[in-house]
Amino acid sequence: MRHLGPGQDLVADGERPVHCALLVEGWSCRYKLLAEGRRQILSFHVAGDMPDLQGLHLGTLDHAVAALTPSTFALIPHESLRRLTATFPDVAALLWRETLIDAGIYRAWITAAGRRSAYGRIAHLFCEMYLRQEAVGLAANHRYLMPLRYADLADATGLTTVHISRVLKALRDANLIAVERRQMEIRDWTRLCDAGEFDPTYLRLKNFKG
């Protein structure tokens, strides 16, 4: 097990990890840093995710993985995972399915960043994060933990922190969301989905409630 504080890297860009990590508790992200120190967050991760699964077969990582909140990771040696998947093909199929869903999330984020308005990007992200947490029992009744800072949201959506502040105010004023003490309440799920043109198909959730 490894315990990390906010901002600490689990693995660095260019590193050759010898294990995969299962996020047991907390929030983490994948990210890239540009030469000037500007950060692009590539994905958010919650409990149950394996944010560095690619390292099992790709060797050198082309991104970093960091904790966004106090987080606990279970480290699984690559050699153990290889033996497991060779012995149990169904496990290998599940891990392959996980990487395909991961790619679907990337496509959704690229579409949002390239074609949606700032308002739509944030609405889409909030819908996604609710369903992903609901799927692992961390959210219900359209309420969930939202520990992300404005800077995290900005780095994930390609916006400035000032723009994030304006969008959140607009969402609150429209009575679509409420945020208090790091708790997010989605007050009108249907309208929030409409605002973000959100279709949950890419998440492949069998027990989708919404």
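The values are calculated or read from the model by the stated rules, or taken from the named source; none is laboratory data. All values reported here derive from a predicted model rather than from experimental measurement. When we count neighbours, we look across all protein chains shown, and the Cβ atoms used for this are built from the backbone with ideal geometry, even at glycine.
Say we look at region 141-165 and pick out the residues that are free of Cβ contacts under 8 Å to residues at least 40 places away in the same chain and over 18 Å from the mean Cα position of the chain (by Cα); which of these is nearest to Asp49 (Cα to Cα)? Among residues in region 141-165 that are free of Cβ contacts under 8 Å to residues at least 40 places away in the same chain and over 18 Å from the mean Cα position of the chain (by Cα), the one nearest to Asp49 (Cα to Cα) is Asn141. Considered as a group, the residues in region 18-69 that are polar (S, T, N, Q) and assigned to a loop (DSSP other than H, G, I, E, B) include one that is nearest to Leu81 (Cα to Cα), and that residue is Gln54. Picking from residues in region 20-38 that are under 20 Å from Leu159 (Cα atoms) and modelled with pLDDT of 95 or more, the one that is surrounded by the most Cβ atoms within 10 Å (Cβ to Cβ) is Ser28. Among the listed residues Ala108, Ala64, Ala74, which satisfies the condition of being under 26 Å from Lys206 (Cβ atoms) and buried (at least 18 other Cβ atoms within 10 Å of the Cβ)? The conditions single out Ala108. Of the residues screened, Arg83 is not one that is charged (D, E, K, R), assigned to a helix (DSSP H, G or I) and over 27 Å from His3 (Cβ atoms).
Residues that are small (Gly, Ala, Ser) and in contact (Cβ under 8 Å) with a residue 40 or more places away in the chain were ranked within region 23-46; the one that is nearest to Leu125 (Cα to Cα) is Ser43.
Within region 153-210, restricting attention to residues that are among the charged types (D, E, K, R) and assigned to a strand (DSSP E or B), the residue that is farthest from Leu94 (Cα to Cα) is Glu180. Checked against (1) part of a helix (DSSP H, G or I); (2) without any contact (Cβ under 8 Å) to a residue 60 or more places away in the chain; (3) under 17 Å from Thr69 (Cβ atoms), Leu125 passes all but condition (2).
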